[in-house]
Amino acid sequence: MRALRIFWKDTLIMLRDRGTIINLFVLPLMFSSVLTLALGGVFGGGNDGGSSTIHIPIIANGEKSRMVMETIKQVEGVDWSESTLAEAKQKVEDGEILGAISLEDNPEGQVEAVYYANPAQLANSRLVYGQIQAAFSAMNDEQKNAAMTATIQSQPDLNLDDIYSQAGVGEAIGVQEEVVGGGANDVEPSSAQQYFPGFTVSFVFFIAATIAQYVFMEKDIGTMKRLLTSPTKSYAIMLGKLLPHFVVGFIQVLVIFSTGFFLFGLRLPNFGSILLVTAATVTAAVGFGLMITSLSKTQAQASGVATLFTFTLATVGGCYVPLFMMPSFMQTLAKATPQGWAMTAYQDILLKGYGILDVLPLIGVLLGFGLVFYLIGLIRFQFVSEGAH
Amino acid sequence: MSTAVHDLMDNETRIKPEALPEDRPAVLQLRGLRKKFGGHSVINGIDLDVREGEFFGLLGPNGAGKTTTISIVSGLLEPSEGSVDIFGDKMSRHNSKLKKKIAVVQQDLSIYPQLTCMENLLFFGGMYGLGGRKLKAKAMEALEIVGLSDRANKPRAGKLSGGQKRRLNIAAALMHDPKLLILDEPTVGVDPQSRNYIFETLQKLNRDGMTLIYTSHYMEEVEQLCGRVGIMDHGEIIECNPVPTLLDQHGQAVVRLKIQAADAARILEAEPELSDSVSLALDTEANLVTCVAPKLVQALNRINRLIGDYRIEPVNCEVLPPSLETVFLKLTGKSLRD
Ligand SMILES: Nc1ncnc2c1ncn2[C@@H]1O[C@H](COP(=O)(O)OP(=O)(O)OP(=O)(O)O)[C@@H](O)[C@H]1O
Ligand SMILES: [Mg+2]
C-alpha cells in the first residue's frame, strides 16, 4: 500500500520531468524512425547490394556443374568460393552469409541448381539469387545462339521452328530456392525490424540511469531520511522506488513498437511472446539499474556508468548493428550481454515468427541476468550512506 | 550577530520559557550513547533525559554531533554503544510503532520540489498510514498551522521562498500528531518574519502538550524558546541546565569594539594570538573585537588598554549582557558561528 503511494509519487514527479520523458521516449523514437528511413535501402528491399564484397559459396558436383560454376563465377561484385554443402548450409543458418548455391549433375545429364537463402536477409539474398538466375539465362542464350548458328550453317533450308528444335537447346537451368534455418517464413526483414527492437532494447536498459537519478534524488534532497523515520518498511520503499520503472519499460516498448507498426509497417506477430520477452527484458533492465545505483556513490557517477554501460552493451548486443554483420567473436561477446539476448528474442519473434515456447529459453537467460543484478543490487544497497557526509 | 537575530531580539514580546519540574515522566532517555564512523568516534557517551512537555534545546558548534545524535534517536542510525528509550520503548530502525509517535524535521530540507505543498503533505501523511478524508483534513490543518494555506496547490514546493519551504518542511512533520517533535536547525536561511511565525507555531504546539527537542546555531533562538539547554561539544553534553541557571553559573560580560579595517590589520600583525586570561577575539570580516571576561570591569580594562596601545579610533563600542553565547564561549572556547 505504501509502496503504491511511493510509486504514484515518483510517477507524478517523472511526468513533470521533461528530461526523463525525452531520454526514455523521444530519443529512441527519433533514432529508430530516422535510421529506419535513412538505412531502408541497406536492409530489406534495398537495391544497392552493398559496396563491400558479398561472400557466396558454390558447391559443384559433376562435370557440367563445374562448367556452370565457372560461368557463375564471372558474375562481378560477389566473392564466389568453393565449399562443401554442409559447411555452406551451416553458415547460412548461422546468419554469417547471405546464401549459398549448390549445383549438381542429375542422372539425365542436366544441372540441378539449388539456392539456399538466409531468411533474416531474404531481400539481399534474393538480389544475389536474381543475379545467379540472370547468369544462367545469359549462359543459355549463348549456348542457344551457338547451336542455332551451327544448325543454320549445316542445314540452310530449315525454317525457324525447325532450327529451334534441331538446335536441341533446352530451357535455361531453373534455380530452385530454399530458405535455410528454422521457422523460415516470408517476412521481409527491413531496417524497421533492426532499429525498432534495437532502440527499444537499448533504451529500456537506459532506465538504469533514471533509476539511479530517482534514488539519488530521494537521498540528496533528504526525503529518504524522512521516509526512513516514518513507519514505512524498507522493502516498501524499495518496491515503490522500482515499480514506476517497470511500468515505464512496458510503455517504452508499447510506444516504440506501435510507432513502428503504424508508421513503418513493422509487423508484430505473436503478441503474447512479445509481451513475455518485454517482461523479462524490463525485469533485467530494472535489476541492472538497481545494481548500478547500489554500486555508485553519487548520482553523477551512477548516471555516467549507467550511460556508458547501457550504450556499450547495446552496441555489443547488436541493437544498432545487426549481429550477422559482426565477426564471430563479437557475436559470442553479444551473448554476455542481456541486450544481446533480448535483441535475439525480439528478432526471433519479429523475423522468424517464433512462438512463446521457442523464446522461453531466451526469457530464462534474461531472468537469470536479472536475478544476478537484483542480488548484487539488494546486497549492496544503502538507504543511508554511512561513511559519506 | 546577524541582523535577523537583532530584529528578533528587538521583538521583546517573548515569554521566557520555564523549566519543567523534575517529576514529569521522561519521554526520551539516552544512556551511554556512543557512535563511531569507521574508527572515528563522533558521539562519546551521552546520558540525557528529556521530560514530557519540555522544550529542550541542544546547542553545539559545527561537528559537535547534534545531527548524529538526532539520527540515532530517530532510528536512522544504530548506536555503536548505549541505548535510546522513547516513551519507555527501545528505539531501533525497525520499531515502527515508536516511529509513529515521533517526528523529525531534518537539517536538510526534505520535501519534493516537484510537488505542491498539498501533494507533499498527502504523501508524507500516507507514509504514516493516514488516508482518505482524514489525510486531507490533516494536510489542511498542517498548512494552516504553518501559515501556508494559500499556497496549498500552487506553486510547486521548489518555487516557494526559503522561509516557506522551511515551514512546509515543519508541516510535513506534523501530519501524524507526533508526541515528540525533534527539530534540527529548522530555521536556517529563514527571514525574521517566517522565523517568528515558526517560533509561535512551535510554542503553541509545546503549550498544547507536545515535547520538543530543538537544535540551533542561534543562541538567541534557544534562549527564547527552550526551557532547558544541553551544550554539546566533541560528541559530549558538557552542560545541561535551565537557561537562567546557565547564565548564573557561566554568564560573562562582553564588550564589543568596532574598529577600522586598517587598525584590525595592525592588531592582527602585532598580536596574532589575541587571547589571554581575558578572552579577546577579533572577527576579521566585521572588524569586531570581542572581549569576554567574568567581570565587566576586566573586559572594559582590556578594551581600554587595546585602544591605548594601538591608538585606535573606535567606530563603535557596546556592552552586552551575559547570554547563552557567552556561556557557550566560556564552556567550549568557541564562538558558535565560526
Ligand atoms: N555518515 C558519517 N560518516 C562519517 N562521519 C560522519 C558521518 N556523519 C557525521 N560524521 C561526522 O561526525 C561529526 C558530527 O557531525 P554532525 O553532523 O552530527 O554534527 P552537527 O553537530 O550536527 O554539526 P552542524 O552544526 O554542522 O550540523 C562530524 O565531524 C562529521 O564529519
Ligand atoms: Mg547538524
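The values are calculated or read from the model by the stated rules, or taken from the named source; none is laboratory data. The structure displayed is predicted, hence computed values, not measured ones. Here the Cβ positions follow ideal geometry from the backbone for every residue, glycine too, while neighbour counts run over all protein chains shown.
Laid out as a table, the results:
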read-out: Number of the condition not met by B:L122 [criteria: (1) more than 8 Å from every other protein chain (Cβ to nearest Cβ); (2) surrounded by fewer than 20 Cβ atoms within 10 Å (Cβ to Cβ); (3) assigned to a helix (DSSP H, G or I)]; value: (2)
read-out: Residue in region A:243-258 that is within 14 Å of chain B (Cβ to nearest Cβ) and touching a residue at least 24 places away in the same chain (Cβ under 8 Å) present; value: yes
read-out: Strands (runs of 3 or more DSSP E) contained entirely in region A:85-194, each with at least 2 residues that are modelled with pLDDT of 70 or more and aromatic (F, W, Y); value: A:111-117
read-out: Region B:46-58, residues that are touching a residue at least 60 places away in the same chain (Cβ under 8 Å) and either within 14 Å of another protein chain (Cβ to nearest Cβ) or more than 10 Å from ligand 1 (Cβ to nearest atom) (or both); value: B:I46, B:D47, B:L48, B:V50, B:R51, B:E52, B:G53, B:E54, B:F55, B:F56, B:G57
read-out: Residues being within 10 Å of ligand 2 (Cβ to nearest atom), hydrophobic (A, V, I, L, M, F, W, C) and buried (at least 24 other Cβ atoms within 10 Å of the Cβ) - total across region B:59-77; value: 1
read-out: Breaking point among (1) surrounded by fewer than 18 Cβ atoms within 10 Å (Cβ to Cβ); (2) away from chain B (no Cβ under 14 Å); (3) over 23 Å from the mean Cα position of the chain (by Cα), for A:S296; value: (1)
read-out: Checking B:I111 against (1) free of Cβ contacts under 8 Å to residues at least 40 places away in the same chain; (2) hydrophobic (A, V, I, L, M, F, W, C); (3) at the interface with another protein chain (Cβ under 10 Å from one of its Cβ atoms), the condition it does not meet; value: (1)
read-out: Cβ pairs under 6 Å, 6+ apart, first in region A:16-30 and farther than 20 Å from A:Q194 by Cβ, second not in a helix (DSSP H, G or I); value: A:R16/B:Q114
read-out: Residue list for region B:69-98, restricted to those being more than 17 Å from B:P178 (Cα to Cα), among the charged types (D, E, K, R) and either in contact (Cβ under 8 Å) with a residue 24 or more places away in the chain or in contact with a Phe, Trp or Tyr (Cβ under 8 Å, 6 or more places away or on another chain) (or both); value: B:E81
read-out: Looking only at region B:256-303, and only at residues there that are of a type in the set (D, E, K, R) and part of a strand (DSSP E or B), the one that is modelled with the lowest pLDDT; value: B:D283
read-out: Filtered residues of region A:14-32 (kept if more than 11 Å from A:T210 (Cβ to Cβ) and facing chain B (nearest Cβ under 8 Å)); value: A:R16
read-out: Options B:V84, B:V50, B:V73: the member that is touching a helix residue (DSSP H, G or I) at 6+ places or on another chain (Cβ under 6 Å), β-branched (V, I, T) and in the same structural domain as B:D233 (by the TED database); value: B:V84
read-out: Positions within region B:59-82 being away from ligand 1 (no atom under 12 Å from the Cβ) and closer than 23 Å to B:M210 by Cα, in sequence order; value: B:S74, B:G75
read-out: Number of positions in region A:332-359 that are without any contact (Cβ under 8 Å) to a residue 12 or more places away in the chain and part of a helix (DSSP H, G or I); value: 2
read-out: So A:E104, is it in the same structural domain as A:I59 (by the TED database), under 24 Å from A:M326 (Cβ atoms) and either in contact (Cβ under 8 Å) with a residue 24 or more places away in the chain or under 20 Å from the mean Cα position of the chain (by Cα) (or both); value: no
read-out: Selected residue (only one of A:L323, A:L313 is touching a residue at least 12 places away in the same chain (Cβ under 8 Å) and within 20 Å of A:S273 (Cβ to Cβ)); value: A:L323
